[in-house]
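Worksheet: the structure to be examined is printed underneath.
The values are calculated or read from the model by the stated rules, or taken from the named source; none is laboratory data. Remember, it's a predicted structure, so these values are computed and weren't measured experimentally. All Cβ positions, glycine included, derive from the backbone under ideal geometry; neighbour counts span all protein chains shown.
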Amino acid sequence: MHLSLTSSQTICLFYAVAFLSSCVIGHGVFFNDSKVKTCCRSTTPGPINGEISRCTYVPESKKGRCKEAYVLTMTNHSKHCAKVDSTWMISKLEELKNSGKPCEGTH
């Protein structure tokens, strides 16, 4: 049996896969629309290298399983949980604010 796809079928299949994968990723661990949904079970006390594209404050969970942290999304889409009261993070918050990219959810 020989199967072949026309170009319009291939394009339709591509968009269907892209749509389904965006639904899975969008409702995953970290992001759902513009609200961050994550649980930082541990935080990095030391500096995180690389360019930050997004920063979001995440409070400690009521049951204490998730730590209070800043979730840093890098330009390569990796995500890191930074310790809130670390010296480097306090200066990084000021740097982000001055560059026009303030950390979301900060008080």
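Only strands (runs of 3 or more DSSP E) wholly contained in the chain count here; list those with 1 or more residues that are among the hydroxyl-bearing types (S, T, Y) and modelled with pLDDT of 90 or more.
52-58, 69-74
Please name all residue pairs, on different chains or six or more residues apart, with Cβ atoms under 6 Å, provided the first residue is in the stretch 74-90 and is farther than 12 Å from P47 by Cα and surrounded by 15 or more Cβ atoms within 10 Å (Cβ to Cβ) and the second residue is of a type in the set (F, W, Y) and at pLDDT below 95.
Once the first residue is farther than 12 Å from P47 by Cα and surrounded by 15 or more Cβ atoms within 10 Å (Cβ to Cβ) and sits in the stretch 74-90, its partners that are of a type in the set (F, W, Y) and at pLDDT below 95 give K79/F30.
Looking only at the stretch 93-107, count how many residues are of a type outside the set (G, A, S) and within 17 Å of the chain's Cα centre (by Cα).
First pass over the stretch 93-107, keeping only residues of a type outside the set (G, A, S): 93-98, 101-104, 106-107.
Among the residues that remain, those that are also within 17 Å of the chain's Cα centre (by Cα) are: 93, 96, 101-104, 106.
So the count comes out to 7.
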